[in-house]
1. Could you grab the pairs with beta carbons closer than 8 Å, sequence gap of 6+ or different chains, first residue in the stretch 161-176 and closer than 13 Å to P51 by Cβ, second one in a loop (DSSP other than H, G, I, E, B) and more than 13 Å from the ligand (Cβ to nearest atom)?
2. I'm trying to understand the selection: among the residues of the stretch 35-55, which are touching a strand residue (DSSP E or B) at 6+ places or on another chain (Cβ under 6 Å) and more than 18 Å from D213 (Cα to Cα)?
3. How many of the residues in the stretch 129-144 are away from the ligand (no atom under 11 Å from the Cβ) and either part of a loop (DSSP other than H, G, I, E, B) or under 12 Å from D285 (Cα atoms) (or both)?
4. Please indicate, with yes or no, whether at least one residue in the stretch 237-251 is modelled with pLDDT of 95 or more, within 16 Å of the ligand (Cβ to nearest atom) and of a type outside the set (A, V, I, L, M, F, W, C).
5. Answer yes or no as to whether T226 is assigned to a helix (DSSP H, G or I) and either surrounded by 24 or more Cβ atoms within 10 Å (Cβ to Cβ) or of a type in the set (A, V, I, L, M, F, W, C) (or both).
6. Kindly indicate the residue of the stretch 65-87 that is among the small types (G, A, S) and outside any helix (DSSP H, G or I) and also surrounded by the fewest Cβ atoms within 10 Å (Cβ to Cβ) among those meeting that condition.
7. If you check S250 against the conditions, is it surrounded by fewer than 24 Cβ atoms within 10 Å (Cβ to Cβ), of a type in the set (S, T, Y) and not in a helix (DSSP H, G or I)?
8. Please find, within the stretch 194-203, the residue that is nearest to the ligand (Cβ to nearest atom) out of those that are at pLDDT 95 or above and of a type in the set (A, V, I, L, M).
Amino acid sequence: MNLHQHTLVLAAILATGLGVSACVTSEPRPFDAQRALADVEKQLAFGPRVPGTEAHRRCAQWLASELRATTQHVVAQEFRLVPPGDSVSPAPTDTLTHWNIIAAFNRESTDRIMICAHWDSRRWADQDPDSARHRDPVPGANDGGSGVAVCLELARIMGESPPPFGVDLVLFDGEDQGRPSHPEEFLMGSKWYVRQAPGYRPLAVILLDMIGDRDLGLPREAYSDTLAPALTDLVWQSAARLALPAFTDSIGGAVVDDHLPFLFSGIAAVDIIDFSYPHWHTIEDTTDKVSAESLDQIGRLIRELIYYTPVEDFRAASRVVPPQG
Ligand SMILES: [Zn+2]
């Protein structure tokens, strides 16, 4: 076999043997879960990322600078609002600055998916068993920190190996600041995002929230499964192919989360969330409750979806069932 024939054979192997991928030119490196875990710790080192605080402002700057190291297309989308108060701890009456932080990869592609998480930490630990702590903020290792950490590490991979279709990575602010009986006070960043970009129609939105829990268990979130069943199938089938132990083929609760503004706009969206987290909205939501193994399962899954899932599969899964009532 001469060199020319050898090249042809190699080309044939690349075209067929690796043909399951949607034209990946170079193999993306593996997901680094230890780096992701370090990024959970880094976020907590700023302090709770509560809108209006110095920790929040400094963390926003850090997130934007980490993303700018991976792509030149980073935008901090600013919005202002007065957060809700409650009977325990009235919120400041000042208008507070919030930022959705957006990083685009393969910006030329018209086929796009969104990977997202919220980065704010809740102002009140109002689920803490000790009612004296209810006016303290939540550290937010799993609730906020875990999804952001996976997104940052995915951004680094995409910075090194451009994805075969467009990926918009979005870190939402103002997700978790509402009073418990007022669902309309949550999801401020994702609602703002959808309002600002009515023409934005990604094929899929994949939300990562509370995915770092050491004891990770991921049933299908009920709004995702009901309103975007094909996308939810695509995600859970990919997890099954990778034999990721956290994913179970059962239906979990319906969670008010950042996927809803997209679903209600007719965009397929799925929430990957472990809502059975004993430290949810308590002061115990700290880094020791999060494991690299759990972050790794989510990182591997999204890497698989980005690099080894044909865009046609996302297109076929983009149908949304209109909400009833
Ligand atoms: Zn929360």
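1. Close Cβ pairs satisfying both conditions: D173/P51; G174/P51; G174/P83.
2. First, the residues of the stretch 35-55 that are touching a strand residue (DSSP E or B) at 6+ places or on another chain (Cβ under 6 Å): 40, 51-52.
Once the filter is applied, which keeps residues that are touching a strand residue (DSSP E or B) at 6+ places or on another chain (Cβ under 6 Å) and more than 18 Å from D213 (Cα to Cα), the stretch 35-55 yields P51, G52.
3. The qualifying residues number 8.
4. Pass one, the stretch 237-251, residues modelled with pLDDT of 95 or more: 237-248, 250-251.
Going one step further and asking which of them are within 16 Å of the ligand (Cβ to nearest atom), we end up with none.
For the stretch 237-251, residues modelled with pLDDT of 95 or more, within 16 Å of the ligand (Cβ to nearest atom) and of a type outside the set (A, V, I, L, M, F, W, C): absent.
5. Details: assigned to a helix (DSSP H, G or I): yes; either surrounded by 24 or more Cβ atoms within 10 Å (Cβ to Cβ) or of a type in the set (A, V, I, L, M, F, W, C) (or both): no.
In short, no.
6. First, pick out the residues of the stretch 65-87 that are among the small types (G, A, S): 65, 69, 76, 85, 87.
Still in the running and outside any helix (DSSP H, G or I): 69, 76, 85, 87.
Values: A69: 11, A76: 16, G85: 13, S87: 6.
That would be S87.
7. On the way: surrounded by fewer than 24 Cβ atoms within 10 Å (Cβ to Cβ): yes; of a type in the set (S, T, Y): yes; not in a helix (DSSP H, G or I): yes.
So S250 fits the description; yes.
8. V194
The values are calculated or read from the model by the stated rules, or taken from the named source; none is laboratory data. Owing to the predicted nature of the structure, the values given are computational and were not obtained by experimental measurement. Cβ: placed from backbone, ideal geometry, glycine included. Neighbour counts: every protein chain shown.
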